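Just below is one structure, and these are the notes that go with it.
The values are calculated or read from the model by the stated rules, or taken from the named source; none is laboratory data. Because the structure is predicted, anything quoted here is derived from the model rather than measured. Every residue, glycine among them, receives a Cβ derived from its backbone with ideal geometry; neighbour counts consider all protein chains shown. To get the accessible areas, we keep the full protein, side chains included, count just its heavy atoms, and leave off ligands, DNA and RNA. Shrake-Rupley method; radii C 1.70, N 1.55, O 1.52, S 1.80 Å.
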Amino acid sequence: MPRFRHVFFDLDNTLWDFQRNSDAVLDALFADFALKERGVTDAVAFKARYHVHNELAWKAYREGRTDAQRLRWERYHRTLDDFGCADRNLALQLSAAYLENLAHQAHLIDGTMDLVAALVPNHQLHIITNGFEEVQQGKMRRSGLAPHFRTLTAADTVGVPKPDARIFQHALNLAGAVPGESLYVGDHPEVDGASEALGIAFAWFNPRREPNRYGHARDLARLEELVGHLA
Ligand SMILES: [Mg+2]
């Protein structure tokens, strides 16, 4: 019996290549909504400003300063505002089109499927994500991940996002797992690393090789390295 019978994964930027998939959708939105004609300089600037506002919006969401509905459109409203063309209706349309198209993108982080194939025989795999349940389920289906995962726990369903301990507890309950036999893998050293507060071991997926400020014992440059930490 392996020590970690249950391996929980973050989804965005851990298994599912959020950056690449998101950029592809933003390029399409820039063209489809004729954003250049509205005053947005170019697609590169659009993606750069969106990225800034998206990060700020998610931080506000995690800290309880905004809700899921507001987060969705406000990041576009603020991006448009940077180019002097703030428009609430347009922001709502961009938000809806973005989420719909994002779930159709299927690029995974290198090594994802090899890792999944290596783990499935001896481990039960699960997802814990701060994304929206409906969107994340779509990503799981489109990318081919869905059949390999037993459970998915999303912040909007639980009502609280990571790093709140309640989302990790919810995921344990759903999986029928106890902390001592569980490992969580995620790309955010603080938000995902909060699993340790419940006694769930943490592996940090750190492909950009950022300094290990939190002293995480499992610091992975590539997903495949996880296998060596499960023995
Ligand atoms: Mg992530």
What value, in deg cm²/dmol to 500, does the helix sum -39500 (n - 2.57) over DSSP H runs of n ≥ 4 give at 222 nm once divided by the residues of the chain?
-13500 deg cm²/dmol
How much accessible surface area, in Å² rounded to 10, belongs to the heavy atoms of D164 with a 1.4 Å probe?
40 Å²
Across all Cα atoms of region 18-102, Rg and the largest Cα-Cα distance (Dmax), in Å, are 11.9, 36
Taking every DSSP beta bridge with both residues inside the chain, roughly what % is antiparallel (nearest 5)?
5 percent
How large, in percent, is the carbon and sulfur part of the accessible surface of the chain at a probe radius of 1.4 Å?
48 percent
Compute the angle between helix 68-82 and the longest alpha-carbon principal axis of the chain, please, reported from 0 to 90 degrees and rounded to the nearest 10.
50 degrees
Just to confirm the number: angle between the C-alpha axis of helix 18-32 and the first principal axis of the chain, 0 to 90 degrees, nearest 10?
20 degrees
What percentages, rounded to whole numbers, describe P(r) for region 141-209 computed over all alpha carbon pairs with 10 Å bin width beginning at zero?
19, 50, 29, 2
Evaluate the charge dipole of region 22-172 about its Cα centre and quote only its size in Debye, nearest 20, assuming +1 on the Cβ of each Lys and Arg and -1 on the Cβ of each Asp and Glu.
320 debye
Using alpha carbon centers only, region 12-42 is separated from region 182-211 by a whole-angstrom value of 28 Å
Once both labels are modelled 7 Å past Cα along the beta-carbon direction, what's the R20-E196 spacing in nm?
3.0 nm
Please work out the ratio of the alpha-carbon Rg of the chain to 2.2 N^0.38 Å and round it to two decimals.
1.05
Between H104 and R5, what is the spin-label point distance in nm, taking each point 7 Å from the Cα along the Cα→C-beta axis?
4.2 nm
What is the calculated FRET efficiency for D114 to Q93, with r their C-beta to C-beta distance and R₀ = 35 Å, to the nearest 0.05?
0.35
Where nothing but the Cβ of Lys and Arg (+1) and of Asp and Glu (-1) is charged, how large is the charge dipole of region 18-102 around its Cα centre, in debye to the nearest 20?
260 debye
